[in-house]
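Below is one structure, written out as structure tokens, with a few remarks after it.
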Amino acid sequence: MSIIFVDLGNRGYQIHIGQNLLAGLMDQLDHFSFRKQAALITTPPVAEHYLETVTTQFDDTWQFCSYEVPDGEQSKSSDTAEKIYTWLIEKQFERNSLIISLGGGVVGDLAGFVAATYLRGINLIHLPTSLLAQVDSSVGGKVGINHPLGKNLIGAFYQPKLVVCDVSVLKTLPDVEYICGLGEVIKYGIIAGGSLFHLISQKLDAIFARKMDILTDIVQQCIQIKTDIVMQDEYEQNIRAYLNLGHTFAHALEKYYRFGELKHGQAVLFGIRCAIQVARDMRMISTDGFEQIDNLIQRFNLSLPGNINLDTDALIEIMFRDKKVKDGRINLVLPAGPGEIRICPVDDLSLLEDAFNSIQ
Ligand SMILES: NC(=O)c1ccc[n+]([C@@H]2O[C@H](COP(=O)([O-])OP(=O)(O)OC[C@H]3O[C@@H](n4cnc5c(N)ncnc54)[C@H](O)[C@@H]3O)[C@@H](O)[C@H]2O)c1
Ligand SMILES: [Zn+2]
């Protein structure tokens, strides 16, 4: 097992990464002085595989209960949060009690939001089970729910007390969710450049085959990159924005497809392809840098859903409504090559149009 320490002063915590870690959760809990009252929040597909492994570790000295929310993004709602608050109040949860999220980013964001707000904050432990949750959403303390008018509009920065990243659970992750997680992995590879980028490029087939040793190494390196960034910029004032590489395009594509057929991680891969196109048109990235990244993305054999021509005007309009637009200008996170990230305003809208045209 490897341990990464997220050093955020009195909000610091450890992230444990390795194989078959869920079965040893209680050994880790023994290091804390939580009230022995735990509420686990999960979703049926995850519960089916892993709930028992966790549940059986809580003996009679604990008051342990679990809550399954319906699978899917719609559970990140104020409705679901309120149901969980009611359940916690009825079970008389106190400030020193514990909430455990067991699941993907949806469960992590929701359980985290409830933990941040119930009694103004109670202890939180993340047990992320999707690749995206392991490398991205469980690290850094962003928690939140959706509003009918937009995704992730209601939320907080709230750090957990511990994250346990058991890479073995990725074996049961559906293929499409696995590819989505890889979208974020590629993002880290480009942000970090150097050895991580080359490792991903060289071992992509083993990664596609979910070879556990290489996957554990990759997950650990991605978490390290996110942790380093979060430690420097917890509240996204500056360099945490690098993590949005490909995301302004991705969010536009997700909205364009009405959060239907195109999932976030897939949209991120298209978004990164758009970003390198803009970087090339702006002569920011070398031909070699462009090709290295492009070749990697090509190996995913992605195609946009449906047989439609993208309406680039509509997409650009959506981009202007993104919450990251400042003073009416679209600021993009662009790679000048693997390991070299810049944030630039892009005023020439034909660059955006070319970028969207390059992915269809
Ligand atoms: N907080 C952050 O910093 C942050 C960052 C990125 C994304 N997010 C949020 O994360 C969410 C997406 O997370 P996600 O991609 O994990 O989606 P998700 O939570 O819906 O999980 C994807 C699917 O995989 C299933 N699943 C998860 N782990 C499994 C396993 N080990 N075996 C079998 N099935 C498993 C889930 O039940 C679900 O059906 C979005 O709501 C997004 O806004 C948050
Ligand atoms: Zn993302």
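Odds and ends about this structure:
- Residue check for Ala39: more than 16 Å from ligand 1 (Cβ to nearest atom), outside any loop (DSSP other than H, G, I, E, B) and within 25 Å of Gln92 (Cβ to Cβ): yes
- On the stretch given as segment 323-360, residues that are of a type in the set (Val, Ile, Thr) and without any contact (Cβ under 8 Å) to a residue 24 or more places away in the chain total 1.
- Taken over segment 163-200, the criterion of being of a type outside the set (A, V, I, L, M, F, W, C), more than 16 Å from ligand 2 (Cβ to nearest atom) and either modelled with pLDDT of 95 or more or touching a Phe, Trp or Tyr at 6+ places or on another chain (Cβ under 6 Å) (or both) is satisfied by Asp166, Ser168, Lys171, Thr172, Pro174, Asp175, His198.
- Identity of the residue in segment 293-311, within 24 Å of the chain's Cα centre (by Cα) and surrounded by 14 or more Cβ atoms within 10 Å (Cβ to Cβ), that ends up farthest from ligand 2 (Cβ to nearest atom): Asp294
- The residue that is surrounded by the most Cβ atoms within 10 Å (Cβ to Cβ), among those in segment 235-244 that are within 13 Å of ligand 1 (Cβ to nearest atom) and outside any helix (DSSP H, G or I), is Glu236.
- Looking at Asp30, Asp136, Asp60, just one residue is charged (D, E, K, R) and within 15 Å of ligand 1 (Cβ to nearest atom), and that residue is Asp136.
- Residue selected from segment 174-191 under the condition aliphatic (A, V, I, L, M) and surrounded by 22 or more Cβ atoms within 10 Å (Cβ to Cβ), by the criterion farthest from Ala241 (Cα to Cα): Leu182
- Scanning segment 230-239 for residues that are in contact with a helix residue (DSSP H, G or I) (Cβ under 7 Å, 6 or more places away or on another chain) and touching a residue at least 60 places away in the same chain (Cβ under 8 Å) yields a single hit, Val230.
Rundown of residues vs (1) part of a strand (DSSP E or B); (2) under 23 Å from the mean Cα position of the chain (by Cα); (3) among the charged types (D, E, K, R); (4) surrounded by 15 or more Cβ atoms within 10 Å (Cβ to Cβ), yes/no style:
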| site | (1), (2), (3), (4) |
| --- | --- |
| Ile4 | yes, yes, no, yes |
| Phe32 | no, no, no, no |
| Val46 | no, yes, no, yes |
| Leu51 | no, yes, no, yes |
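- Candidates Gly104, Gly108, Gly144, filtered to the one that is within 16 Å of ligand 2 (Cβ to nearest atom) and either surrounded by fewer than 23 Cβ atoms within 10 Å (Cβ to Cβ) or over 21 Å from the mean Cα position of the chain (by Cα) (or both): Gly144
- Listed by position, the strands (runs of 3 or more DSSP E) inside segment 90-154 whose residues that are polar (S, T, N, Q) and at pLDDT below 95 number at least 2 form an empty set.
- Of all residues in segment 207-222, those that are at positive phi have Cβ atoms under 7 Å from Cβ atoms of residues that are surrounded by 20 or more Cβ atoms within 10 Å (Cβ to Cβ) and assigned to a helix (DSSP H, G or I), 6 or more apart or on another chain, in Arg210/Leu170.
- Test: Thr227 is within 16 Å of ligand 1 (Cβ to nearest atom) and more than 28 Å from Lys151 (Cβ to Cβ): no
- Residue match in segment 152-172 (condition: out of contact with any strand residue (DSSP E or B) (no Cβ under 7 Å at 6 or more places or on another chain) and closer than 25 Å to Leu253 by Cα): no
- Residues located in segment 53-76, provided they are under 20 Å from Glu90 (Cα atoms) and in a loop (DSSP other than H, G, I, E, B): Asp60, Thr61, Trp62, Val69
The values are calculated or read from the model by the stated rules, or taken from the named source; none is laboratory data. Keep in mind the model is a prediction, meaning the values are calculated, not measured. Cβ atoms come from the backbone with ideal geometry, glycine included; neighbour counts cover every protein chain shown.
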